[in-house]
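Student: Quick one: this structure, given as structure tokens, is what I'll be asking you about.
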Amino acid sequence: MKRITLALAAACTLFLQSGLHSQRFDQLDQAPVDIAYLRADNGSAPVVKVVYGRPSREHGEVFGDLVPYGEIWSTGANEATEVTFYRDMLFGEKRVKAGRYVMHSIPGEKEWTIILNSNTDTWGAFFYDPGKDVARIKVPAKKGRPVDVFSIAFAQSIKDSYMVLAWDRTRVSIPLAESSDLLAAKF
């Protein structure tokens, strides 16, 4: 009986040491995925959802160095940043139908081009196809407090909503509105 117990203990030890019992976690992603929501009211269903990779700044300047000016960028890390509009929206001044898109950008020192594209489920900007652009807008780039990890959040006031991109000292605010809000305001 002792021999059987010792043999089982040895087998269990070998099994546990072999790593067959679980997944290895020694190569975790350095740019984890995050999700940001825009809601019309606290606790209500989302109006916009953004899923994006969060790269970190390790040293040096991010924009103009790590992310070159004037070149297409996936607006995050790894998979292209995904934006879902649950309602028809104004993205800047461009009308965009409810749906799922990827968001790319072309950073500049003073101004960025922000692009919504229908070629979803792509890795980075490697498969960017300008023929599938749904909207292209230009927004000013501003300076702010340093942020070491790329972040997307929503800022709201009584009349306006913005998707804010922040990394290093750069801030970009993308105006958003529900299409029905603009139509109501014009009449």
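Student: If you check Ile4, Ile35, which single one turns out to be surrounded by fewer than 16 Cβ atoms within 10 Å (Cβ to Cβ), at pLDDT 80 or above and either not small (Gly, Ala, Ser) or not in a loop (DSSP other than H, G, I, E, B) (or both)?
Tutor: Going through Ile4, Ile35 in turn, the sole match is Ile35.
Student: I need a count of the residues in the stretch 150-167 that are surrounded by 14 or more Cβ atoms within 10 Å (Cβ to Cβ) and either at pLDDT below 95 or aromatic (Phe, Trp, Tyr) (or both).
Tutor: 5
Student: Go through the stretch 160-180 and give me each residue that's in contact with a Ser or Thr (Cβ under 8 Å, 6 or more places away or on another chain), aliphatic (A, V, I, L, M) and under 15 Å from Tyr37 (Cα atoms).
Tutor: Of everything in the stretch 160-180, those that are in contact with a Ser or Thr (Cβ under 8 Å, 6 or more places away or on another chain), aliphatic (A, V, I, L, M) and under 15 Å from Tyr37 (Cα atoms) turn out to be Met163, Val164, Leu165, Leu176, Ala177.
Student: For residues in the stretch 38-74 being in a strand (DSSP E or B) and in contact with a Gly (Cβ under 8 Å, 6 or more places away or on another chain), which is nearest to Pro175 (Cα to Cα)?
Tutor: Here the residue is Tyr52.
Student: Please give the number of the condition Ala125 fails out of (1) small (Gly, Ala, Ser); (2) without any contact (Cβ under 8 Å) to a residue 12 or more places away in the chain; (3) in contact with a His (Cβ under 9 Å, 6 or more places away or on another chain).
Tutor: Single failed check for Ala125: (2).
The values are calculated or read from the model by the stated rules, or taken from the named source; none is laboratory data. Bear in mind that the values here come from a model prediction, so they are computed numbers and not experimental data. A quick note on method: Cβ atoms are made from the backbone with ideal geometry, for glycine too, and the neighbour counts reach across all protein chains shown.
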